[in-house]
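A.B. asks: Structure provided below as structure tokens; questions to follow.
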Amino acid sequence: MKELVVALVAAVFGLAGTVVGAVVSARAAKKGALLSAQATLQQVHDQASVDQAHWLRQQRLQAYEGFLAAWDECLRIIDSAGLPGDSGSSGANPLKEAAGRMAERARRIDILGPAEVARAAEELANSIRRDVKIATKLKELTMSTVPTATERLTTETAPAMAAAREAMQSAARQMQELVAQANESDRPLHEDPRTAAILVSVEQAQEIARAAIIHVREDNEGFSAYLAQAAVIVNELKRNQQARAGIRERFTAAARQTLASVTPSAP
């Protein structure tokens, strides 16, 4: 009986050892599987991050290149055709259209980032749009001033100057003839009956000349005022273009730094 009890106890302890060993082995296997799964997930995550970074870099590169292409297009238009203003006309405005494309591509950069590149791109696009607005202002000033001044010069000032010149030349000829005849006859000028009429014609010619001079002075004042206003607008345009050079450098430096980065920064 005693031997049976000992045998049963030994069997129980043996079974318990087997169960404990099995549990320990199962836990070890579970832990190993868990570590393997975590390693796999980390590899997948790392690869996804690399793929996303590569995709983002490619998207940014395309966006930056597209933006610079629109920028170059604007500069070509400015160099070849100047700065055509809008002035509300229905006709095509190549610079305004190119500036619109530049603004659209700047908005894409704003989505892709990073913020520093996006800010510089927006400032460049705004600078080109300011060129269009400034040119429009200059065109409107010119269209409201020059045609009117030209018409006044053609229809008023030029005829007044011609009439004054003709009147002065006619009065001078009459006076010269009167003096020559007076010298030949030794008769004083004041005794010649034509003297009074000639003096009246001289006064009339002087009056016509004074009226013409007033026209010329008014034309000069108007044109001087136009030139002064145009100079202010042109200076505004020059300041805008000078500031744009610094913005372009900032955009280029930020874009290069972004594209050279191993891990692209967030938008």
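A.B. asks: Residue under question is residue 167, and the condition is that it be buried (at least 19 other Cβ atoms within 10 Å of the Cβ), touching a Ser or Thr at 6+ places or on another chain (Cβ under 7 Å) and either among the hydroxyl-bearing types (Ser, Thr, Tyr) or modelled with pLDDT under 90 (or both); does it hold?
C.D. replies: Criteria not met by residue 167.
A.B. asks: Moving on. Return the only residue of 116, 151, 156 being in a helix (DSSP H, G or I) and under 24 Å from the mean Cα position of the chain (by Cα).
C.D. replies: 116
A.B. asks: Still on this model: I need a count of the residues in the range 192-207 that are surrounded by 12 or more Cβ atoms within 10 Å (Cβ to Cβ) and either charged (D, E, K, R) or farther than 22 Å from residue 179 by Cβ (or both).
C.D. replies: 3
A.B. asks: Considering only the range 208-240, state which residues are among the polar types (S, T, N, Q) and surrounded by 14 or more Cβ atoms within 10 Å (Cβ to Cβ). Step through it out loud before you land on a result.
C.D. replies: Our first condition is that a residue be among the polar types (S, T, N, Q); within the range 208-240, this holds for 220, 224, 229, 235, 240.
The answer is 229, 240.
A.B. asks: Of everything in the range 175-222 that's among the small types (Gly, Ala, Ser) and under 60 Å from the mean Cα position of the chain (by Cα), which residue is farthest from residue 165 (Cα to Cα)?
C.D. replies: This residue is 222.
A.B. asks: Name every residue in the range 147-164 that is exposed (fewer than 14 other Cβ atoms within 10 Å of the Cβ) and of a type in the set (A, V, I, L, M, F, W, C), in order of residue number.
C.D. replies: Within the range 147-164, just 162 meets the criteria.
A.B. asks: Hey, another quick one. Kindly check whether there is at least one residue in the range 126-139 that is of a type in the set (Ser, Thr, Tyr), under 30 Å from residue 239 (Cβ atoms) and part of a helix (DSSP H, G or I).
C.D. replies: Here is the first cut: in the range 126-139, the ones of a type in the set (Ser, Thr, Tyr) are 127, 136.
In the following step, the residues that additionally are under 30 Å from residue 239 (Cβ atoms) were identified as 127, 136.
Going one step further and asking which of them are part of a helix (DSSP H, G or I), we end up with 127, 136.
For the range 126-139, residues of a type in the set (Ser, Thr, Tyr), under 30 Å from residue 239 (Cβ atoms) and part of a helix (DSSP H, G or I): present.
A.B. asks: Given the condition in a helix (DSSP H, G or I), farther than 27 Å from residue 151 by Cβ and of a type in the set (Lys, Arg), answer yes or no: does some residue in the range 217-230 qualify?
C.D. replies: Scanning the range 217-230 turns up no residue that is in a helix (DSSP H, G or I), farther than 27 Å from residue 151 by Cβ and of a type in the set (Lys, Arg).
A.B. asks: Can you tell me which residues in the range 226-258 are without any contact (Cβ under 8 Å) to a residue 12 or more places away in the chain and within 30 Å of residue 160 (Cβ to Cβ)? Write out each step before concluding.
C.D. replies: Residues of the range 226-258 without any contact (Cβ under 8 Å) to a residue 12 or more places away in the chain: 227-228, 231-232, 235, 238-239, 242, 245-246, 249, 252-253, 256-257.
Result: 227, 228, 231.
The values are calculated or read from the model by the stated rules, or taken from the named source; none is laboratory data. A quick note: this is a predicted structure, and the numbers were derived from the prediction, not measured. Because the Cβ atoms are built from the backbone with ideal geometry, glycine has one as well, and the counts that use them run over all protein chains shown.
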